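Enquirer: Input: one structure, supplied below.
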Amino acid sequence: MEMKRLNLKLAAALVAAAGAVSAVATPAMAAEEQFVPLLVYRTGSFAPLGIPWADGKLDYLKLVNERDGGVNGVKITYEECETAYATDRGVECYERLKGKGTGASGFDTQSTGITFAVSDKAMLDKVPVETMGYGLSQSVDGSVFEWNFPLLGTYWTAADVMIQDIAKKEGGMDKLKGKKIALVYHDSPYGKEPIPLLQKRAAKEGFELVLYPVTAPGVEQKSTWLQIRQARPAYVLLWSAGIMTPTAIREAQASGFPRDKMYAIWWAGSEGDVKDLGDVAKGYNAITVHNSGAEHDKVYDDLKKFVYDKGQGSDKSGKTTLGTIAHTRGMMISMLQVEAIRTAQEKYGKGKALTPEQVRWGFENLNLTQEKLDKLGFGQIMRPVKTSCSNHKGDDWARIVQWDGAKFKVASDWYQADKTILDPMVKEAAAKYAKEKNITPRTCEN
């Protein structure tokens, strides 16, 4: 009897020990994780733009983890990969990061050239490419470009809005007839992208379009602005970024061209482009898809409380990039990525890590109403946006800001591009792309 009792005790002890070993070997299930790749250029000639942009993207992902515990409990993981705005390095980053975790949730390449290079790959790899305000303008057509999302606008919409604002200043579109409008552009896929739209507008409105390519990195522009001085255009549109931008503004001053007759693309319209120029840049116009970075909204309070007050902010001084237009735009890009994940979770399961293909569905079904933007803390920064199968851009609201010598101020109401001009261009270019790449367009119900 005593032996039997001992055997029972031994068996119980062995069971308990096995349970303890099991508890050590099999910990509580780890929280789900969703990977977001961060392509950046903190180095190179575009760094003055790339640094605040990268800081904004990173800061918002930190905020989502710290404030919300991720997306419905799914922690956002991320990794930066430096491209220096070089296409080959961008492709290397894409290849290295596309398969991490459950797969890359989406690539914001931060470069039109890199976008061109990875779009065909993304289609085969089934990975979304998110290009807020840049990339391939025809990729608005989701029936052909299933994996590309040029959210909130393209270089065609930007160029069209610039022409609309110029026409308003001149007293109407008919007043553009006979005038010269120059495009000074970075001689790259990025800089060349608005040309088809401007050529279409020039033919329709009767103005002369004069093109001035600038070789990268854009520090040598004296001959360009000498030509502009001789040609005497009424306005100059500037498609630049990084060190090319302040160089253009200084050369404009040296050649006597008024800065209030200059219109810059959004990547050439942040505080870092003009703050060291002060009054030299006074009057300089830029287009933007949101209100100025200084526009106060709840997201800034949350960022301070949950990230910067804990010493986790990407802008270590808290005074260099935080609050600038470029930093705000970076946060918007990450917010759109996060909301695509959240939207996809509604379909594929809350609290679950998703595949890139599932996140793609989220990008295609975004519906950020004013109420949702207010809740996220972006209600005063941007306008509502809704995407669909056929429309991967969503809504393309844009406005003009102007440098007053110390800060950018909103200088216009909201515009939208003229669909009667843009839509046929998108359809034609997308159809051509589909034919070249042997793509059968999807049938979209919306």
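Enquirer: Looking at (1) surrounded by 24 or more Cβ atoms within 10 Å (Cβ to Cβ); (2) modelled with pLDDT of 95 or more, can you tell me which one residue 168 breaks?
Expert: (1)
Enquirer: Can you tell which of 99, 103, 142 is in contact with a helix residue (DSSP H, G or I) (Cβ under 7 Å, 6 or more places away or on another chain), over 30 Å from residue 399 (Cβ atoms) and modelled with pLDDT of 95 or more?
Expert: Numbers: 99 fails: in contact with a helix residue (DSSP H, G or I) (Cβ under 7 Å, 6 or more places away or on another chain); 142 fails: over 30 Å from residue 399 (Cβ atoms).
Unique residue meeting the criteria: 103.
Enquirer: Here is a further query. Taking the condition of a type in the set (Phe, Trp, Tyr) and within 24 Å of the chain's Cα centre (by Cα), does residue 185 pass? Give the steps one after another, and end with the answer.
Expert: On the way: of a type in the set (Phe, Trp, Tyr): yes; within 24 Å of the chain's Cα centre (by Cα): yes.
Yes, satisfied.
Yes/no matrix, rows are residues, columns are (1) at pLDDT below 95; (2) assigned to a loop (DSSP other than H, G, I, E, B); (3) within 20 Å of the chain's Cα centre (by Cα); (4) over 30 Å from residue 246 (Cα atoms):
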site: 343; (1), (2), (3), (4): no, no, yes, yes
site: 347; (1), (2), (3), (4): no, no, no, yes
site: 354; (1), (2), (3), (4): no, yes, no, yes
site: 359; (1), (2), (3), (4): no, no, yes, yes
site: 375; (1), (2), (3), (4): no, no, no, yes
site: 409; (1), (2), (3), (4): yes, no, no, no
site: 420; (1), (2), (3), (4): no, no, no, yes
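Enquirer: Of the residues in region 48-79, how many are open to solvent by 10 Å² or more (accessible area, probe 1.4 Å) and of a type in the set (Asp, Glu)?
Expert: Count: 3.
Enquirer: What is the one condition in (1) in contact with a His (Cβ under 8 Å, 6 or more places away or on another chain); (2) within 22 Å of residue 185 (Cβ to Cβ); (3) aromatic (Phe, Trp, Tyr) that residue 145 does not satisfy?
Expert: Of everything listed in (1) in contact with a His (Cβ under 8 Å, 6 or more places away or on another chain); (2) within 22 Å of residue 185 (Cβ to Cβ); (3) aromatic (Phe, Trp, Tyr), residue 145 misses just condition (2).
Enquirer: Moving on to the next point. Residue check, residue 143 against (1) open to solvent by 10 Å² or more (accessible area, probe 1.4 Å); (2) more than 30 Å from residue 34 (Cα to Cα); (3) touching a Lys or Arg at 6+ places or on another chain (Cβ under 6 Å), all met but one. Which one?
Expert: Unmet condition: (2).
Enquirer: Which of the residues that make up region 113-122 are open to solvent by less than 10 Å² (accessible area, probe 1.4 Å) and either under 23 Å from residue 52 (Cβ atoms) or among the hydroxyl-bearing types (Ser, Thr, Tyr) (or both)?
Expert: At the first step, the residues of region 113-122 found to be open to solvent by less than 10 Å² (accessible area, probe 1.4 Å) are 114-115, 118-119, 122.
Result: 114, 115, 119.
Enquirer: Here's a follow-up. Take the residues in region 280-313 that are assigned to a loop (DSSP other than H, G, I, E, B) and open to solvent by 20 Å² or more (accessible area, probe 1.4 Å); name whichever of them is nearest to residue 240 (Cα to Cα).
Expert: Taking region 280-313 first, the residues assigned to a loop (DSSP other than H, G, I, E, B) are 282-284, 289-297, 307, 311-313.
From what is left, the residues that are open to solvent by 20 Å² or more (accessible area, probe 1.4 Å) are 282, 294-296, 311-312.
Numbers: 282: 18, 294: 23, 295: 24, 296: 27, 311: 34, 312: 32 Å.
Within region 280-313, the match that is nearest to residue 240 (Cα to Cα) is 282.
Enquirer: Out of the residues in region 89-112 meeting the condition of being among the β-branched types (Val, Ile, Thr) and assigned to a helix (DSSP H, G or I), tell me which one is surrounded by the fewest Cβ atoms within 10 Å (Cβ to Cβ).
Expert: First, pick out the residues of region 89-112 that are among the β-branched types (Val, Ile, Thr): 91, 102, 109, 112.
Still in the running and assigned to a helix (DSSP H, G or I): 91, 112.
On the way: 91: 17, 112: 23.
That would be 91.
Enquirer: Quick one: how many residues across region 225-234 are surrounded by fewer than 20 Cβ atoms within 10 Å (Cβ to Cβ) and touching a residue at least 40 places away in the same chain (Cβ under 8 Å)? Break it down into steps so the answer makes sense when it comes.
Expert: Filtering region 225-234 down to residues surrounded by fewer than 20 Cβ atoms within 10 Å (Cβ to Cβ) leaves 226-227, 229-232, 234.
Keeping just the survivors that are touching a residue at least 40 places away in the same chain (Cβ under 8 Å) gives 231-232, 234.
Here the count works out to 3.
Enquirer: Which residue out of 302, 273 is in contact with a Gly (Cβ under 7 Å, 6 or more places away or on another chain) and within 23 Å of residue 132 (Cβ to Cβ)?
Expert: On the way: 273 fails: in contact with a Gly (Cβ under 7 Å, 6 or more places away or on another chain).
Step by step, each of 302, 273 is checked, and only 302 is in contact with a Gly (Cβ under 7 Å, 6 or more places away or on another chain) and within 23 Å of residue 132 (Cβ to Cβ).
Enquirer: Yes or no: region 391-399 includes at least one residue that is surrounded by fewer than 17 Cβ atoms within 10 Å (Cβ to Cβ) and in contact with a helix residue (DSSP H, G or I) (Cβ under 7 Å, 6 or more places away or on another chain).
Expert: Keep residues of region 391-399 that are surrounded by fewer than 17 Cβ atoms within 10 Å (Cβ to Cβ), which gives none.
Scanning region 391-399 turns up no residue that is surrounded by fewer than 17 Cβ atoms within 10 Å (Cβ to Cβ) and in contact with a helix residue (DSSP H, G or I) (Cβ under 7 Å, 6 or more places away or on another chain).
Enquirer: Of all residues being among the small types (Gly, Ala, Ser) and in a helix (DSSP H, G or I) in region 119-134, which is nearest to residue 158 (Cα to Cα)? Just the residue, please.
Expert: Checked region 119-134; the qualifying residue nearest to residue 158 (Cα to Cα) is 119.
Enquirer: Have a look at 285, 291 and point out the one that is modelled with pLDDT of 95 or more and within 22 Å of the chain's Cα centre (by Cα). Spell out the reasoning first.
Expert: Values: 291 fails: modelled with pLDDT of 95 or more.
Of 285, 291, the one residue that is modelled with pLDDT of 95 or more and within 22 Å of the chain's Cα centre (by Cα) is 285.
Enquirer: Right, something else. Being surrounded by fewer than 24 Cβ atoms within 10 Å (Cβ to Cβ) and not polar (S, T, N, Q) is the requirement here; does residue 130 meet it? Write out each step before concluding.
Expert: Values: surrounded by fewer than 24 Cβ atoms within 10 Å (Cβ to Cβ): no; not polar (S, T, N, Q): yes.
It is false that residue 130 is surrounded by fewer than 24 Cβ atoms within 10 Å (Cβ to Cβ) and not polar (S, T, N, Q).
Enquirer: Shifting gears a bit: In region 316-355, what count of residues is obtained for those that are under 13 Å from residue 62 (Cβ atoms) and open to solvent by 10 Å² or more (accessible area, probe 1.4 Å)?
Expert: So the count comes out to 1.
Enquirer: Further question: Could you list, in sequence order, all residues of region 41-84 that are assigned to a loop (DSSP other than H, G, I, E, B) and hydrophobic (A, V, I, L, M, F, W, C)?
Expert: So in region 41-84, the residues assigned to a loop (DSSP other than H, G, I, E, B) come out as 41-46, 69-70, 72-73, 83-84.
Listed by number, the residues that qualify are 46, 84.
Residue-by-condition table, conditions (1) at pLDDT 95 or above; (2) part of a helix (DSSP H, G or I); (3) open to solvent by less than 60 Å² (accessible area, probe 1.4 Å); (4) touching a helix residue (DSSP H, G or I) at 6+ places or on another chain (Cβ under 6 Å):
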| residue | (1), (2), (3), (4) |
| --- | --- |
| 413 | no, no, no, no |
| 423 | yes, yes, no, no |
| 426 | yes, yes, yes, yes |
| 432 | yes, yes, no, no |
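To keep it simple, each residue is scored yes or no on (1) part of a helix (DSSP H, G or I); (2) of a type in the set (Ser, Thr, Tyr); (3) open to solvent by 20 Å² or more (accessible area, probe 1.4 Å); (4) under 16 Å from residue 400 (Cβ atoms).
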residue: 200; (1), (2), (3), (4): yes, no, yes, no
residue: 213; (1), (2), (3), (4): no, no, yes, no
residue: 236; (1), (2), (3), (4): no, no, no, yes
residue: 245; (1), (2), (3), (4): yes, yes, no, no
residue: 260; (1), (2), (3), (4): yes, no, yes, yes
residue: 272; (1), (2), (3), (4): yes, no, yes, no
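Enquirer: So, one more: List pairs: first residue in region 390-418 and among the hydroxyl-bearing types (Ser, Thr, Tyr), second residue part of a strand (DSSP E or B) and open to solvent by 40 Å² or more (accessible area, probe 1.4 Å) anywhere in the structure, Cβ distance under 9 angstrom, at least six positions apart or on different chains.
Expert: From region 390-418, the pairs are 412/402.
Enquirer: Right, another one. Please specify each residue of region 356-382 satisfying the condition of being open to solvent by 20 Å² or more (accessible area, probe 1.4 Å) and of a type in the set (Phe, Trp, Tyr).
Expert: 361 - this is the single residue of region 356-382 that is open to solvent by 20 Å² or more (accessible area, probe 1.4 Å) and of a type in the set (Phe, Trp, Tyr).
The values are calculated or read from the model by the stated rules, or taken from the named source; none is laboratory data. In this text, all values refer to a predicted model and were calculated from it rather than measured experimentally. Note that each Cβ is placed from the backbone with ideal geometry, even for glycine, and that neighbours are counted across all protein chains shown. The area values use the complete protein model at the heavy-atom level, side chains included, leaving out ligands, DNA and RNA. Shrake-Rupley method; radii C 1.70, N 1.55, O 1.52, S 1.80 Å.
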